[in-house]
Amino acid sequence: PDKTEEVLKDGWLYWGEHGLNKNPLNIAKMGISERDLDCKMPTYAHCAISHLILNFDKFKFITTSNHDGLHQKSGTPWEATANIFGTAYIEECLTCHKQHIRKVIVPALHRICKAPNCGGKLKKTGVRYGQKVPIEPLKMAEESADKSDLVLVLGSSMTTSPFCQLPQLAKNFVICNRQATPYDKDATICIHDNVDNFMERVVKHFDSKKEITFNYEQDFSIFEREDKVVLTTPRPDEPAVFVDEAYLMSRSGSGHHTFEHLLNGEFVLDRFLLEEHVEYIVNIEFKPAFEVPASEVTFVLGSVTKGKLEKRVHFK
């Protein structure tokens, strides 16, 4: 394929002079660590796909080769998605094989399954090049493609197996990609264009008055646990990895204390630093990549304070 495009543009991975190829660079070397994926937001195309799947019966299923969870962030249900190379947002127990869906990318170390009588080690389901493809997502993808009258291939170089073979199982398939792919000649229609532009035309055809928007939220809680004040999410085993820094002070401006960021992702503060019956202000700064303002909440010992990160995007 043509290798003149940038590696990253509009949130999508492309082939390029320094991009992915058959011997891909480690994703961290491209400037995208797994932790940073939490800050990546869906594009118009992701949100358009979600809208169509949720509102129009013709659109049934999506198969993705990415680990980034952007389809779920945009609202596409997990049950309507086959992550054929796994995902950074699902952990599987190596002992009981129960899968745990996460809303954030959790730390990799010391992850233990909390299923009854288990205690096995948890591992993210995302696979790397050369590793075995998960059987169940691939089976779902094959069955969906086989039943389809039409498959849309969006923003793919069509060079990674078995992903690139799946569209041929359908009666027809359309490719939309900026560069040429090895399967262009086999496609029913081949369009060399930006995926967002293409999906905008698709949405207008089915829902001419629809304006696509995107809402992203992450909840957090502040509470006491033993001798600590803890800032984390209300979901068990999911730390507030979207927080960059947090500090606390009394309304009088005294007693300024910074939360310590632990390796497990939680933010903690020694309880003995706080006084009973005193209202404190907690300032929470989110990771800069989210591009949202800091949140300010109040906290009193013996209570639970709740808040959230909120991001709203209106696609023009």
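Hey, what does the equivalent ellipsoid look like for the chain, semi-axes from the Cα gyration tensor as sqrt of 5 times each eigenvalue, largest first, whole Å? Walk me through the numbers before you get to the answer.
Numbers: eigenvalues 333, 98, 65 Å².
Square roots of five times the eigenvalues give 41, 22, 18 Å.
How large is the dipole of region 36-97 about the Cα centre if only Lys and Arg carry +1 and Asp and Glu carry -1, each at its Cβ, rounded to the nearest 20 debye?
Charge dipole of region 36-97: 280 debye, to the nearest 20.
The lysine pair count for region 52-141, using Cα distances under 18 Å and pairs eight or more places apart or on different chains, is 15. Sparsely packed loop sites in region 50-105 (the chymotrypsin sites (Phe, Trp or Tyr not before Pro) outside DSSP H, G, I, E and B with at most 14 other Cβ atoms within 10 Å) comprise 56. What a 1.4 Å probe finds exposed on region 196-240 is 44% carbon and sulfur by accessible area, rounded to a whole percent.
State the dimensionless ratio Rg/Rh of region 157-256 (Rg: radius of gyration of Cα atoms; Rh: Kirkwood radius). Please report the intermediate quantities before stating the final value.
Values: Rg = 24.6 Å, Rh = 19.2 Å.
Radius of gyration over Kirkwood radius for region 157-256 works out to 1.28.
Distance between the 7 Å Cα→Cβ label points at residue 143 and residue 115: 2.0 nm. Report the normalised scattering of region 112-178 as log10 I(q)/I(0) at q = 0.15, 0.29 Å⁻¹, calculated by the Debye formula with identical scatterers on the alpha carbons. Per q value, in the given order, log10 I(q)/I(0) is -0.63, -1.28.
Taken one residue at a time, the phi angles of region 289-298 give Karplus couplings (6.51, -1.76, 1.60, θ = phi - 60°) of 4, 6, 6, 10, x, 5, 10, 10, 10, 10 Hz. Gly and Pro are set to x. Computed over neighbours whose Cβ is under 13 Å from that of residue 273, the net charge equals -4, Lys and Arg +1, Asp and Glu -1. Here the spin labels are modelled as points 7 Å beyond Cα on the Cα-Cβ line, and at residue 306 and residue 211 they lie 3.0 nm apart. Full extension of the chain segment joining residue 193 with residue 57 gains 46.4 nm, where the gain is 0.36 nm per residue of separation less the Cα-Cα distance.
Averaged over residues, the count of other Cβ atoms within 10 Å places the peptides 270-276, 223-229 in the sequence 223-229, 270-276, highest first. In whole Å, how far is the Cα centre of region 202-251 from that of region 56-78? Taking the Cα centre of region 56-78 as reference, the centre of region 202-251 is 21 Å away.
Taken about its Cα centre, the chain carries a charge dipole of about 860 debye when Lys and Arg each add +1 at the Cβ and Asp and Glu each add -1 at the Cβ.
From largest to smallest, what semi-axes in whole angstrom does region 218-267 give when each is the square root of 5 times an eigenvalue of its alpha carbon gyration tensor?
On the way: eigenvalues 82, 27, 22 Å².
Square roots of five times the eigenvalues give 20, 12, 10 Å.
Measuring spread by the Cα atoms of region 24-178 yields a radius of gyration and Dmax of 16.2, 51 Å. Taking the helices alone, the chain has a mean residue ellipticity at 222 nm of -4000 deg cm²/dmol, built from -39,500 (n - 2.57) per DSSP H run of at least 4 residues and averaged over all its residues.
Full extension of the chain between residue 128 and residue 285 gives 53.2 nm of extra length, using 0.36 nm per residue less the Cα-Cα distance. Dipole orientation for the chain: of the candidates 76, 140, 293, 140 has the Cα lying most toward the positive pole (charges on Cβ; Lys, Arg +1; Asp, Glu -1).
Please work out the average accessible area per residue across the chain, using the 1.4 Å probe convention, and give it in Å². Mind showing how you got there, number by number?
On the way: 17000 Å² over 316 residues.
For the chain, the solvent-accessible area averages 54 Å² per residue.
The values are calculated or read from the model by the stated rules, or taken from the named source; none is laboratory data. Source: prediction; values computed, not measured. Every residue, glycine as well, gets a Cβ built from its backbone with ideal geometry; the counts of neighbours run over all protein chains shown. These accessible areas exclude ligands, DNA and RNA; they are computed on the full protein's heavy atoms, side chains included. Shrake-Rupley method; radii C 1.70, N 1.55, O 1.52, S 1.80 Å.
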